[in-house]
Amino acid sequence: MTVQTDAARLLSLHEASELLTVVNVWDAVSATAVAAEPGTTALATASHSIAATFGYADGENIPLDLHLQMIARIVEASSVPVSADLEAGYGDIGETVRRAIGVGVVGANIEDQLKPLDEAVRGVEAAMRAAEAEGIRFVLNARTDAFVRGGDRSPEENLADAVTRGRAYLDAGAPVVFVPGLLDEAQVTTLVDAFGPQRLTMIGVPGSLPLARLQELGVARVSYGPWSQRVALTALQDLVRDVHAGGGLPEGTRVLN
């Protein structure tokens, strides 16, 4: 498979009426385990989880070279399209996207961090220009932090800002818009109406709407960010507690590598 065909496949998965679900990965073995499960059609990395793997805090503290090296290993471990969490683009969104494409990535999250709208739009445009120069239709999952960085604003203000920013990012060439946060059905409906069906992507968090309902509402994709690693680490700590209590490996443990 080439990056061109992977990119086309990833875009089609977002455009399909069936909800795309991606359980985020953070290294080669997690990518192998997730990709091996029937129904996995794409992978997405989690920047928080990759940074934590190397002992870094989230927020572009992990060096970009090291981050991309791990992403490259994830791409090599899988035969499905990979979208990468590239945080805010490491100071040069176009160059970071170009380098990510160079290791086989065909989509990415880029967060706006609530920067001034014109600056955030220029970032989306830079990402799409870089991808065009590499000859692919990059699936930029343009993230707005309207809810997660909304601070003291009201939910109504956050929603209005998400609509404004999301529409601007779509106009700038992004195929989908990522609005993380615990959103209720009315908020999801407003965002889908504003962007169009199969244009909104979301994160699954405790208390999120059921996947079947999100599909009915016209959401394109649900990913899980750092939560998948937290699930894995919870299982690891549970094993440690069982061993300390005199137990052992849980029944049903599988050999995955």
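The values are calculated or read from the model by the stated rules, or taken from the named source; none is laboratory data. In this text the structure is predicted, and so the values were computed from the model without any measurement. Neighbour counts run over all protein chains shown; Cβ positions are idealised from the backbone, glycine included.
Consider Glu15 carefully, then state whether it is within 22 Å of Arg254 (Cα to Cα) and either at pLDDT 95 or above or surrounded by fewer than 22 Cβ atoms within 10 Å (Cβ to Cβ) (or both). No, not satisfied. Being closer than 19 Å to Leu43 by Cα, hydrophobic (A, V, I, L, M, F, W, C), within 17 Å of the chain's Cα centre (by Cα) and in a loop (DSSP other than H, G, I, E, B) holds for only one residue in Val177, Val219, and it is Val219. Considering only residues of the range 19-61 that are among the hydroxyl-bearing types (Ser, Thr, Tyr) and under 17 Å from Leu256 (Cα atoms), which is surrounded by the most Cβ atoms within 10 Å (Cβ to Cβ)? For the range 19-61, the residue satisfying everything is Ser30. Whenever a residue of the range 50-78 is within 16 Å of Glu95 (Cβ to Cβ), its partners that are at pLDDT 95 or above and among the hydroxyl-bearing types (Ser, Thr, Tyr), lying with C-beta atoms within less than 6 angstrom and at least six residues away or across chains, give the pairs Glu60/Tyr90; Leu64/Tyr90; Ile71/Thr45.
Within the range 100-117, the only residue that satisfies the criterion of being surrounded by fewer than 18 Cβ atoms within 10 Å (Cβ to Cβ) and either under 27 Å from Thr32 (Cβ atoms) or hydroxyl-bearing (Ser, Thr, Tyr) (or both) is Gly102.
Note on the range 35-141: enclosed helices (runs of 4 or more DSSP H) holding 2 or more residues that are more than 20 Å from Val25 (Cα to Cα) and modelled with pLDDT of 95 or more are 93-102, 117-133.
When Thr201, Thr190 are screened for being in contact with a Phe, Trp or Tyr (Cβ under 6 Å, 6 or more places away or on another chain), β-branched (Val, Ile, Thr), under 22 Å from Leu140 (Cα atoms) and at pLDDT 95 or above, only Thr201 passes.
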